[in-house]
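J.: One structure coming up, written as structure tokens, with questions to follow.
The values are calculated or read from the model by the stated rules, or taken from the named source; none is laboratory data. Treat the numbers as computed from the prediction; the structure is a model and nothing was measured. No Cβ is skipped: glycine too gets one built from the backbone with ideal geometry, and neighbour counts run over all protein chains shown.
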Ligand SMILES: Cc1cc2nc3c(=O)[nH]c(=O)nc-3n(C[C@H](O)[C@H](O)[C@H](O)COP(=O)(O)O)c2cc1C
């Protein structure tokens, strides 16, 4: 009998749907037991978000400052799992506060130490550098990363910003203004995520995970896009400056957060299209200098 723990946090339910889709083939297997653990915050974040609460979460998210979480059920803490599937969403190019809080808690050490872990992200599209941060957190609790699946909104970056804002601020996954595509990870992609469960199944039974990531990637688990990683890198540099500025000046916090909000809108709609054109022109050169290596890194574990 093999035991798997699916860990997730989700506000809209999207990550839970993804987790249950991946778990489906494992749940149907009599030789596998599947448990689910939903991370619960002591102080819950609002959903739907207001503009103020959304941007006010930025400094602590980016600085990866943990908050208190409720403990997992004793039955979960007392089980020795053969595999952990850790689902997370990206907030401000970083693991969300609930996931960061869990990974920095004693519960993560108890559940994940010396265990194989598969990470699954369900984000808008900028997951790459957050995955690097999750890798550090997993390393800190002595977990072994054996696979990664990154599910995203496949629409154009500028379109997915409009649709996710509408979704996060209304709480409803709908076509923004009646004309935009649906936000988030596509319904079909979530439904088809059971294919990843089928891929994981024999590795779990064997108890060795060598070759798993290659098979996941061959089946669409990771979609490396050079421009999104490039924006992620630039965003991380700027977010580092902004978050330090805000945290070091608590008396000016409200004003600085408002300025940060305008900065984000300007960076996405004013700067990013120009940078995109420049990087597209330089693509043949940058492919050999940078992108080829990056693709290998992000498709790997
Ligand atoms: C405060 C906040 C910040 C976010 N920042 C990012 C981001 O930097 N990159 C990204 O791809 N998605 C970002 N998202 C989208 C989330 O990764 C995720 O897709 C969305 O919150 C739905 O997840 P759920 O399962 O928790 O409802 C952000 C969402 C929130 C609420």
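J.: Within the group 203, 196, which residue is in the same structural domain as residue 146 (by TED's automatic domain parsing), away from the ligand (no atom under 16 Å from the Cβ) and in contact with a strand residue (DSSP E or B) (Cβ under 7 Å, 6 or more places away or on another chain)?
T.: Details: 203 fails: in contact with a strand residue (DSSP E or B) (Cβ under 7 Å, 6 or more places away or on another chain).
It is 196.
J.: Let me ask you something else. Which members of the stretch 1-11 meet the condition of being within 10 Å of the ligand (Cβ to nearest atom) and either touching a helix residue (DSSP H, G or I) at 6+ places or on another chain (Cβ under 7 Å) or assigned to a helix (DSSP H, G or I) (or both)? So that I can check it myself, show each step before the final result.
T.: So in the stretch 1-11, the residues within 10 Å of the ligand (Cβ to nearest atom) come out as 8-11.
8, 9, 10, listed by residue number.
J.: Also, I was wondering about something else. How about the stretch 208-224: which of its residues are surrounded by fewer than 19 Cβ atoms within 10 Å (Cβ to Cβ) and within 17 Å of the chain's Cα centre (by Cα)?
T.: Step one: list which residues in the stretch 208-224 are surrounded by fewer than 19 Cβ atoms within 10 Å (Cβ to Cβ), which gives 208, 210-211, 214-215, 218-220, 223-224.
Once the filter is applied, which keeps residues that are surrounded by fewer than 19 Cβ atoms within 10 Å (Cβ to Cβ) and within 17 Å of the chain's Cα centre (by Cα), the stretch 208-224 yields 220, 223, 224.
J.: Give the stretch 164-209 a look and list any residue that's in a helix (DSSP H, G or I), closer than 22 Å to residue 149 by Cα and touching a helix residue (DSSP H, G or I) at 6+ places or on another chain (Cβ under 8 Å), or say none.
T.: At the first step, the residues of the stretch 164-209 found to be in a helix (DSSP H, G or I) are 164-170, 176-178, 187-191, 194-206.
Restricting the remaining residues to those that are closer than 22 Å to residue 149 by Cα gives 164, 187-191, 194-206.
Answer for the stretch 164-209, where residues must be in a helix (DSSP H, G or I), closer than 22 Å to residue 149 by Cα and touching a helix residue (DSSP H, G or I) at 6+ places or on another chain (Cβ under 8 Å): 190, 191, 194, 196, 197, 198, 199, 200, 201, 203, 204.
J.: Is it fair to say residue 47 is within 10 Å of the ligand (Cβ to nearest atom) and surrounded by fewer than 18 Cβ atoms within 10 Å (Cβ to Cβ)? Can you show your working first?
T.: Values: within 10 Å of the ligand (Cβ to nearest atom): yes; surrounded by fewer than 18 Cβ atoms within 10 Å (Cβ to Cβ): yes.
Taking the combined requirement at face value, the residue satisfies it.
J.: In this structure, is residue 256 touching a helix residue (DSSP H, G or I) at 6+ places or on another chain (Cβ under 7 Å) and part of a helix (DSSP H, G or I)?
T.: On the way: touching a helix residue (DSSP H, G or I) at 6+ places or on another chain (Cβ under 7 Å): yes; part of a helix (DSSP H, G or I): yes.
It is true that residue 256 is touching a helix residue (DSSP H, G or I) at 6+ places or on another chain (Cβ under 7 Å) and part of a helix (DSSP H, G or I).
J.: Can you list the helices (runs of 4 or more DSSP H) lying wholly within the stretch 15-117 that have 2 or more residues being within 20 Å of the chain's Cα centre (by Cα)? Write out each step before concluding.
T.: Values: elements: 51-56, 58-62, 74-77, 97-103, 106-112.
Of the helices (runs of 4 or more DSSP H) lying wholly inside the stretch 15-117, those with at least 2 residues that are within 20 Å of the chain's Cα centre (by Cα) span 51-56, 58-62, 97-103, 106-112.
J.: Return the pair list, or none, for Cβ contacts closer than 9 Å from residues in the stretch 124-138 that are closer than 17 Å to residue 163 by Cβ and assigned by TED's automatic domain parsing to the domain that holds residue 94 to residues that are within 7 Å of the ligand (Cβ to nearest atom) and in a helix (DSSP H, G or I), at least 6 apart or on different chains.
T.: 124/164
Residues checked against (1) outside the structural domain of residue 39 (by TED's automatic domain parsing); (2) closer than 23 Å to residue 212 by Cβ; (3) in contact (Cβ under 8 Å) with a residue 40 or more places away in the chain:
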site: 65; (1), (2), (3): no, no, no
site: 98; (1), (2), (3): no, no, yes
site: 112; (1), (2), (3): no, yes, no
site: 171; (1), (2), (3): no, no, yes
